[in-house]
Amino acid sequence: MKKFASDLIVTARDALAGRVIHTPVLPLESSKIAPYIPADTKLFMKLELFQHTGSFKARGALLGVDWLADAQKAKGVVTFSGGNHALATAWAARKQGISAKVLMTEAADPIRIEGCRALGAEIVLVPDMARALPMLDQIAADEGRHILHPFNDVNMAYGAATCGAEFVEDAPPLDIIVLPVGGGGLISGMAAAIKRHNPAITVIGVEPKGADSLSRSFATGTPATLDRIDTIADSLGAPMAMPESFALARQNVDDIVLIDDSAMADTMLLMRHALTLVAEPACTASLAAVLGPLRDRIRGKSVGVLACGSNISPDRYARYTADASLPRL
């Protein structure tokens with residue numbers, strides 16, 4: 001990944017203006033959600049699940065395709081993803097009229113696989129992400145395709161930064177912003193923009209306990225690789241932290257907390273019940289954290305959370321929430 005420069009966030013925003021959705025920030029103060037929020041706490045949610053292809057990934061993918069040389073566009077792009085980045089890459093490639101090949105796991109949500117296919121991408125199914133990495137390099141070498149990495153590319157950091165810049169500009173002054181963590185591309189870019197706007201804002205990441213590569217990396221000071229991934233939040237299931245995105249996150253992220261899958265499942269129900277939003281597990285991570293392990297820490301403060309994605313099939317949604325319940329008041 002090329003070096004990230006915060007003064008180029010404005011350039012990225014200009015490049016995406018009118019091409020991605022400037023998603024709204026919602027005050028969580030309705031009578032249905034307010035009882036779940038700690039007293040004297042003001043909570044604001046950026047609804048990035050309304051972005052093109054249903055997630056924040058569209059921003060960085062479009063920048064990545066934009067920045068290719070004409071000769072590279074002629075060869076096309078390739079990536080690996082649990083689904084959201086694959087969808088975003090397929091969409092961005094179609095917008096520019098170039099070829100996209102995406103490696104996805106056999107266990108990926110069928111709605112994401114079919115969504116990529118509908119956007120014209122060539123799908124390669126692999127048993128797991130560990131198998132995808134060597135295949136990715138081989139495809140790039142054999143076909144000349146450019147790799148659009150899901151989180152360790154500077155275009156993804158700048159794309160996420162545009163989301164962070166919108167958030168702090170559109171919301172009232174915030175004390176804390178809580179963001180989901182997968183590979184680190186989202187939080188590293190958003191945190192850079194947030195701290196550029198106001199260094200006093202505390203940025204906290206949220207990882208599933210079964211996919212905690214960034215928190216392990218923070219603890220040891222070096223990027224960590226996981227032996228296995230065990231979480232329903234497949235969008236947060238990166239198998240490793242990468243040096244560049246880890247370094248950028250370490251500069252601007254103040255803390256990381258872990259949550260159980262059950263907390264995300266419960267919050268999926270809560271978001272449907274209180275906000276009329278159908279959210280994938282990763283989309284609930286920020287809210288689940290502020291209503292769970294961060295509850296005492298956010299009390300009396302102004303807090304931002306991110307709803308990052310909505311790509312989940314009805315069958316999978318039903319399975320994940322079958323044993324879930326609304327959080328206790």
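Quick notes
- Label-to-label distance, W67 versus K209, with points set 7 angstrom from Cα along the beta-carbon direction: 3.8 nm.
- Percentage relative contact order, the chain, counting C-alpha pairs under 8 Å, at least six apart: 22 percent
- Cβ-based exposure ranking for E244, E106, in which fewest neighbours within 10 Å come first: E106, E244
- Estimated purely from DSSP H runs of n ≥ 4, each contributing -39500 (n - 2.57), the mean residue ellipticity at 222 nm for the chain is -13500 deg cm²/dmol once divided by its residues.
- Of the trypsin sites (Lys or Arg not before Pro) in region 257-329, the ones in a loop by DSSP (not H, G, I, E or B) with at most 15 other beta carbons within 10 Å are R299, R328.
- Helix 84-96 vs. the chain, principal-axis angle (Cα, 0 to 90°, nearest 10): 50 degrees
- Residue pairs, from the table K3/K195; K57/K95; K73/K195, whose Cα atoms sit over 24 Å apart: K73/K195
- Tensor-based shape of region 41-83 (alpha-carbon gyration tensor, a/c under 1.5 rounded, otherwise prolate or oblate): prolate
- Highest average packing first - 249-260, 172-183, Cβ atoms within 10 Å: 172-183, 249-260
- Computed over the chain with a Gaussian network model linking Cα atoms closer than 10 Å, the most mobile of S30, S310, S262 is S30.
- In summary, the aspartates and glutamates within cross-link reach of K42, defined as a Cα separation below 18 angstrom excluding same-chain residues under 8 places away, comprise E29, E169, D170, D175, D296.
- In degrees, nearest ten, helix 129-143 long axis to first principal axis of the chain (Cα): 30 degrees
- Computed magnitude of the charge dipole of the chain (debye, nearest 20; Cβ of K, R +1, Cβ of D, E -1): 440 debye
- Of the labelled figures (i) 58, 44, 40; (ii) 66, 45, 39; (iii) 48, 47, 41, only one reflects Cα extents along the principal axes in Å as derived from the coordinates, namely (i).
- When you restrict to C-alpha pairs under 8 Å that are six or more residues apart and normalise by the size of region 240-293, the relative contact order lands at 35 percent.
- Global geometry of region 57-147, whether rounded, prolate or oblate, following the gyration tensor of its Cα atoms and the 1.5 cut on a/c: oblate
- The Cα center of region 39-102 and the Cα center of region 184-262 differ in position by 20 Å.
Readers should treat all values here as calculations from the given coordinates under stated rules, not as data from a laboratory. Just so you know, these numbers come straight off a predicted model, no measurement behind them. All Cβ positions, even for glycine, are placed from backbone atoms using ideal geometry, and neighbour counts span all protein chains on display.
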